[in-house]
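J.: One structure, as structure tokens, below. Some questions next.
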Amino acid sequence: MTDFQKLWVGQAVSVFGSLITRTALPWCALLFLHARALDMALLVLADLLPGFLLGLFAGAWLDRRAKRPVMIACDVLRFLLVMSIPALALTGKLTLGSLFAVAPLMGILSTVFDIAYQSYLPELVQGEALSRANSRLSASAAVAEVCAFSVSGWLVQHFGGPQALLIDAATFLLSALSLLAIRQPNRVVPHLDGGQGAGLFQEAVEGLRYVGRQRLLRALALAQVALSFSMSLMGPLILLFMTRTLALEPKFLGMVFAVGGVTSLLGATFAAPLAQRFGVYRATALSFGLIPLGMLMIPLAPTRSALSYGLLTANQLLTDPGWTIFEIHQTTLRQQLAPEKLLGRVNAVTKVGGLGASLLGTLLAGVLGNRVGPRPVLFAGVGLACAAAILFARELSTSYPQAVDNS
């Protein structure tokens, strides 16, 4: 088994567990701890805020050192944090306060891991194989999504949200073991000044300035920011909308969500052919356009109707493959366009920009959700995503000839 295959297997298992947590943790707060709309929004904020505040510094810090040991440490710490939730539940001490304590720690560890992971992959895979590697990782994540969402609703309903998190805890350990099995020596990119002089703040600013000067990297980062804002405006309210406004059952919603795993797999499979047919930049813009079209299906769903499941399934048929194709191409483009010594910071700029937009969108979701209800807020999120897709397509259409010349 190659080093990339070890990374691939470990991440596929970890994604499976993380997707169960993505479903189980909000449902745990909603169904077992009786969280309100504002509580749901604040829980998301607690997860996002540390990554936003520390992400740029994490990118600069990671550019100074080997990525794999950091990723292993993040996996082990996340295992311990996730295990604390079912342990508290078994002793009858689990509260919303417990979730608010765990969420920010998980947020910063996940931010550091994600930046390190995207920066580490080019050490194992280079050149044209990098796009194929990102497609394979996305495809395995889609398969994990099918399996996780197929069973997550049933696990939550029959065993409870806290107990479902035990699966995620185990997958973090498996991910750490897969990283330990990689034999390629760790590599640290040397700094031009020998690693002396500039501090983390200056290096973080250097990464921000570099993205600002590069038109394509700037367009990709702004697209991520806009998409994160619109999706975070909707995200905290979707489960609330589905379970309370539409009166749908978690076990059936889990099966609807699983459809997104199948379509994400198809998106990962067709990402490369689409790039060959239309060009990578046009394929990126087209995939972005699918996302708001699918998002529109959610607020259109009626209450207590079979049509609700049909529209929610249509959302999975459009949004998930669009997101997968967009994620594959924009990640590969960043990895190819950014110099190796700046890659951690470039990835951090995109990550932090998305987190900042998510913080603002989530805060607005909590306030507006309580005042006007979830459906109008969901429509507002769709409108913002449509505007972002149009602007992103226009930006790429004007910069496309330069992109071809520079590739």
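The values are calculated or read from the model by the stated rules, or taken from the named source; none is laboratory data. Note that the structure is predicted; figures quoted are calculated from it, not measured. Cβ atoms come from the backbone with ideal geometry, glycine included; neighbour counts cover every protein chain shown.
J.: Is there a residue in the stretch 44-58 that is in a helix (DSSP H, G or I) and at pLDDT below 75?
T.: Within the stretch 44-58, one or more residues are in a helix (DSSP H, G or I) and at pLDDT below 75.
J.: Go through the stretch 290-407 and tell me which helices (runs of 4 or more DSSP H), entirely inside it, have 2 or more residues that are among the small types (Gly, Ala, Ser), within 30 Å of GLY127 (Cα to Cα) and touching a Gly at 6+ places or on another chain (Cβ under 6 Å).
T.: 343-372
J.: Another question, then. Which ones in the stretch 309-350 are polar (S, T, N, Q) and out of contact with any Asp or Glu (no Cβ under 9 Å at 6 or more places or on another chain)?
T.: Once the filter is applied, which keeps residues that are polar (S, T, N, Q) and out of contact with any Asp or Glu (no Cβ under 9 Å at 6 or more places or on another chain), the stretch 309-350 yields THR313, ASN315, GLN316, THR319, THR324, GLN330, THR331, THR332, GLN335, GLN336, THR350.
J.: Restricting attention to the stretch 331-369, report how many residues are over 13 Å from LEU233 (Cα atoms) and not aliphatic (A, V, I, L, M).
T.: Matching residues across the stretch 331-369 total 14.
J.: Can I ask one more? Which numbered condition trips up VAL156, out of (1) at pLDDT 75 or above; (2) touching a Ser or Thr at 6+ places or on another chain (Cβ under 7 Å)?
T.: Tallying (1) at pLDDT 75 or above; (2) touching a Ser or Thr at 6+ places or on another chain (Cβ under 7 Å), VAL156 fails exactly one: (1).
J.: Among the numbered criteria (1) more than 25 Å from SER140 (Cβ to Cβ); (2) modelled with pLDDT of 80 or more; (3) of a type outside the set (Ser, Thr, Tyr), which single criterion is violated by TRP8?
T.: (1) is the only condition that TRP8 fails.
J.: Among the residues of the stretch 107-132, how many are touching a helix residue (DSSP H, G or I) at 6+ places or on another chain (Cβ under 8 Å) and either more than 15 Å from VAL15 (Cβ to Cβ) or not in a helix (DSSP H, G or I) (or both)?
T.: 16
J.: One residue is enough: does the stretch 243-251 have a residue meeting the conditions within 20 Å of the chain's Cα centre (by Cα) and at negative phi?
T.: For the stretch 243-251, residues within 20 Å of the chain's Cα centre (by Cα) and at negative phi: absent.
J.: Is at least one residue of the stretch 80-96 over 24 Å from LEU359 (Cα atoms), assigned to a loop (DSSP other than H, G, I, E, B) and touching a residue at least 12 places away in the same chain (Cβ under 8 Å)?
T.: Yes, the conditions are met somewhere in the stretch 80-96.
J.: Is there any pair with a first residue in the stretch 157-168 that is crowded, with 17+ Cβ neighbours inside 10 Å and a second that is modelled with pLDDT of 75 or more and not in a helix (DSSP H, G or I) whose Cβ atoms are under 9 Å apart and which are 6 or more apart or on different chains, and what are they?
T.: Here the result reads GLY161/LEU33; PRO162/LEU94, each pair linking the stretch 157-168 to a residue that is modelled with pLDDT of 75 or more and not in a helix (DSSP H, G or I).
J.: I need a count of the residues in the stretch 319-345 that are touching a residue at least 24 places away in the same chain (Cβ under 8 Å) and either more than 17 Å from the chain's Cα centre (by Cα) or under 30 Å from LEU200 (Cα atoms) (or both).
T.: 18
J.: Can I ask one more? Quick one: what pairs do we get from the stretch 294-315, first residue under 15 Å from THR245 (Cβ atoms), second β-branched (Val, Ile, Thr) and surrounded by 13 or more Cβ atoms within 10 Å (Cβ to Cβ), C-beta under 7 Å, 6+ apart or different chains?
T.: Partner pairs satisfying both residue conditions: ILE298/ILE238; PRO299/VAL382; THR303/THR245; TYR309/VAL256; LEU312/VAL256; LEU312/ILE298.
J.: Surrounded by 24 or more Cβ atoms within 10 Å (Cβ to Cβ), in contact with a Pro (Cβ under 6 Å, 6 or more places away or on another chain) and more than 27 Å from VAL112 (Cα to Cα), is that true of ALA389?
T.: For ALA389, the condition - surrounded by 24 or more Cβ atoms within 10 Å (Cβ to Cβ), in contact with a Pro (Cβ under 6 Å, 6 or more places away or on another chain) and more than 27 Å from VAL112 (Cα to Cα) - is met.
J.: Right, another one. May I ask you to list the residues in the stretch 63-107 that are touching a Gly at 6+ places or on another chain (Cβ under 8 Å) and either over 17 Å from LYS351 (Cα atoms) or surrounded by fewer than 21 Cβ atoms within 10 Å (Cβ to Cβ) (or both)?
T.: ARG64, ALA89
J.: Tell me, please, whether a residue that is at pLDDT 85 or above and surrounded by 15 or more Cβ atoms within 10 Å (Cβ to Cβ) can be found in the stretch 181-196.
T.: Yes, some residue in the stretch 181-196 is at pLDDT 85 or above and surrounded by 15 or more Cβ atoms within 10 Å (Cβ to Cβ).
J.: Is there any pair with a first residue in the stretch 14-25 that is in a helix (DSSP H, G or I) and a second that is acidic (Asp, Glu) and at pLDDT below 70 whose Cβ atoms are under 6 Å apart and which are 6 or more apart or on different chains, and what are they?
T.: Listed pairs, sorted by first residue: LEU19/GLU145.
Quick grid of which residues meet (1) hydrophobic (A, V, I, L, M, F, W, C); (2) surrounded by 23 or more Cβ atoms within 10 Å (Cβ to Cβ); (3) part of a helix (DSSP H, G or I):
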| site | (1), (2), (3) |
| --- | --- |
| ARG218 | no, no, yes |
| LEU237 | yes, yes, yes |
| LEU240 | yes, no, yes |
| PHE252 | yes, no, yes |
| VAL256 | yes, no, yes |
| GLY260 | no, yes, yes |
| SER264 | no, yes, yes |
| ALA271 | yes, yes, yes |
